[in-house]
Amino acid sequence: MALRSALINVMVAAAQKAARHLVRDFGEVENLQVSRKGPADFVSVADQRAENTIVAELQRSRPHYGFLLEERGTVEGRDNSNRWIVDPLDGTTNFLHGIPHFAISIALERDRDLFAGVVYDPIGDRLYWAEKGNGAFLNGRRLRVSSRRKMDEALFATGIPFKGTKNHPLFLRQLEGVMARAAGVRRFGAVSLDLAYVASGRYEGYWETGIHPWDMGAGVVLVREAGGFVTDLDRKTDFLYRGEILAASPDLHDQLAEVLRSAAAP
Ligand code: IPD
């Protein structure tokens, strides 16, 4: 069993406290499908409450750190070097539809670098964590990215753009390029878990555009610490605030990037 640092313990405690409410609320969602107001308002209240719980817990242990929050945006802290990046409910659409695939994602950015990450899937009780230089773990077991080397054996994940997001034709070309070469493509609907699955070697790689730092922050630390590469689709490393990501095992990263690049070429 891997020993967790004090920092990771703080993050885990916050995630698990928020998870207790979320799991209870998830149980209610099905009853609400038939109610007059519908579940959307209920879910946004659940999301907000989870965020409040996480903020209160993290603030209690590290009162001067700032925040970047999905629901409330930026909250400045007295400490300029450390900032939490939080998605209290990643996979909101799944949650809303009663699909048990969602997670709480908490990252720590230290001196503008992603330093630690916790992703908690409360339904599967799967707790992923990673800290820079100390490895990535799932429920205490060390994680390594996949060792498959060939594109035609590789399973990839992505996110399908939806109403209100941009450049659907480009995505279709990219998907077509990957479909033609890979063993399979999945779209499960929670960025943090897509990245956790890359870190676990379940997927060889994952790409998505139109996402946010709170979707990916914690998962990026997991993939890096499990031995994977993370960039944007052009292989640049300053991707966090650009809204796109390509995360993969070292052997497949270049191959996936190349397929996506040629799909984008005019
Ligand atoms: C969403 C999920 C989804 C991705 C969306 C994200 P949210 O996060 O991670 O997989 O495709 O772009 O916005 O809104 O549920 O926190």
Applied in sequence order to the range 111-120, the curve 6.51 cos²θ - 1.76 cosθ + 1.60 (Karplus, θ = phi - 60°) yields integer Hz couplings, x standing for Gly and Pro, of 6, 6, 10, 6, 10, 8, x, 10, 10, 10
For the chain, inverting the pair-averaged 1/r of distinct alpha-carbon atoms gives a Kirkwood value in Å of 18.6 Å
Subtracting the Cα-Cα distance of Asn134 and Leu3 from 0.36 nm times their residue separation yields 46.2 nm
The Cα extents of the range 1-155 along the principal axes, largest first and rounded to whole Å, are 51, 49, 28
Simple SL model, points at 7 angstrom along Cα→Cβ for Arg141 and Asn167; separation in nm is 3.7 nm
Mean-square fluctuation maximum in Gaussian network of the chain, Cα pairs under 10 Å, restricted to Leu172, Leu222, Leu138, hits Leu172
For His21 and Ile160, extending 7 Å from Cα along the Cα-Cβ vector and measuring point to point gives, in nm, a value of 3.2 nm
Residues of the range 90-110 with backbone N under 15 Å of the label point set 7 Å from the Cα of Ile123 along Cα→Cβ are 90-104
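Throughout, read-outs are computed from the coordinates displayed, never taken from laboratory work. Since this is a predicted model, take the numbers as computed values, not measurements. Cβ atoms come from the backbone with ideal geometry, glycine included; neighbour counts cover every protein chain shown.
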